[in-house]
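Read-outs: derived from the displayed coordinates by stated rules, not from any lab. Fair warning: this is a prediction, and the values are worked out from it, not measured in the lab.
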Amino acid sequence: MKSMYLNEKHVFLTTHNPLVLDGLNLANDDIRLFAVDRDKDGFAQIQRIMVSQNLIDTGLPLSRLWISGRLGGVPELL
């Protein structure tokens, strides 16, 4: 299948600063948020984080939603 875009590009940005989330327009489906974790065998597991309208309606910035664990992608520390 040939892409509709002539200069299709992908950018993967990783950060440890949750404030970067506040600059993402997740209403644009071209901008996506993923969480990467490791399974018990050390293999990377990638999951897309979908932000529901209910979360958006809270009025909280994405950084605050992530820190509170409401977006997912927060490791479970045992």
So what is the 222 nm mean residue ellipticity for the chain from helices alone, if each DSSP H run of at least 4 adds -39500 (n - 2.57) and you divide by all residues, rounding to the nearest 500 deg cm²/dmol?
-2500 deg cm²/dmol
With x for Gly and Pro, the residue-by-residue ³J(HN,Hα) of segment 34-41, computed from phi through the Karplus equation 6.51 cos²θ - 1.76 cosθ + 1.60 at θ = phi - 60° and given in whole Hz, is 10, 10, 10, 10, 10, 7, 5, 9
If amide H atoms are modeled at 1.01 Å from N in the peptide plane, then the residues at a separation of 5 or more from Leu33, or on another chain, having amide H under 5 Å from its own are Ile49
GNM on the chain, Cα springs under 10 Å; top mean-square fluctuation among Gly59, Gly23, Gly42 goes to Gly42
